[in-house]
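Readers should treat all values here as calculations from the given coordinates under stated rules, not as data from a laboratory. Keep in mind the model is a prediction, meaning the values are calculated, not measured. Neighbour counts run over all protein chains shown; Cβ positions are idealised from the backbone, glycine included.
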Amino acid sequence: MHRHVFTIGDSHSLRCFEKHPSIADSTTLFGYNKLDGKTAFNLARHEKQIRKIRRSLQDKHLIFVFGEVDVRIHIKYKAEQNGTPPATLIRRTTNRYTEYVSALRNKGYSIHVFNVVPTGDFSTPEALRWRKNLSYPFLASREERTRYTEEMNSWLRHDCAQKNIPFIDIYRHLIDRNGRRRKELIYDFSHLNNKTADIVMDNYSFSQDKTVPLEAEPVACTT
């Protein structure tokens, strides 16, 4: 395991960095993605799974890749369900997410937050077949998802700066002049391909991160 940068996240953490020579997804440790479909808002609820991953990678740079699932599903759904404005939900999401990451960094983990990826095209035949099997509502339009993504990235940029979290902000390199995903980066209707990792390596330096020494984590009680 010679690589020094690993990603932890939803399915985008796999597809954006799949089979890349410099960055690997945590899937390589387990053979599957332990956090597929997880949201940035509820990340702390999956502490047990994340702990298993980070213990194996405690001396590595870790990229956290979350947020697209929040944008695609939960923001519009919760807004209609509870009457809470999307802007409020986006703000709460970024704050909870970065508070969790900040706590881990204070323990000595070198964690970098990746910007929320551009939303995909869920109107294609492939996407429509996928949507038929969903057990949850798919409510937000492409325009709404784009707006949510851009707003979430703005707040992530702000919160990461406030909390001294390195933010991998390459969104502008992932979209074309119309604000859509660049064609050469598209993996499928939702995901970008691993050329995304090349863009990270070309536009971001992991050496900028300085963290305190790792503290021993408490052993979970088994009784």
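For Thr7, what residues show an amide H to amide H distance below 5 Å, using hydrogens built from the backbone and excluding near sequence neighbours?
Ala24, Asp25, Ser26, Ile63
State to the nearest 20 debye the size of the charge dipole of the range 5-204 about its Cα centre, where the only charges are +1 on K and R beta carbons and -1 on D and E beta carbons. Let's see the in-between values first.
Values: 34 positive and 23 negative charges, 97 e Å.
With only Lys, Arg, Asp and Glu charged at Cβ, the dipole is about 460 debye.
In the range 1-106, what is the count of Lys pairs whose alpha carbons are under 26 Å apart, counting only pairs at least 8 residues apart or on separate chains?
The number of close lysine pairs in the range 1-106 is 17.
What is the magnitude of the charge dipole of the range 50-145 about its Cα centre, with +1 placed on the Cβ of each Lys and Arg, -1 on the Cβ of each Asp and Glu, and no other charges, expressed in debye to the nearest 20?
Details: 18 positive and 9 negative charges, 96 e Å.
So the dipole magnitude of the range 50-145 works out to roughly 460 debye.
Relative to the compact globular guide of 2.2 N^0.38 Å, what is the alpha carbon radius of gyration of the range 5-204, as a ratio? Walk me through the intermediate numbers first.
Values: Rg = 15.9 Å, N = 200, 2.2 N^0.38 = 16.5 Å.
Against the compact-globule rule of thumb, the ratio is 0.97.
Suppose we keep just the DSSP beta bridges with both residues in the range 5-204; what percent of those would be antiparallel, to 5?
Working: 2 of 16 bridges.
The antiparallel proportion sits near 10 percent.
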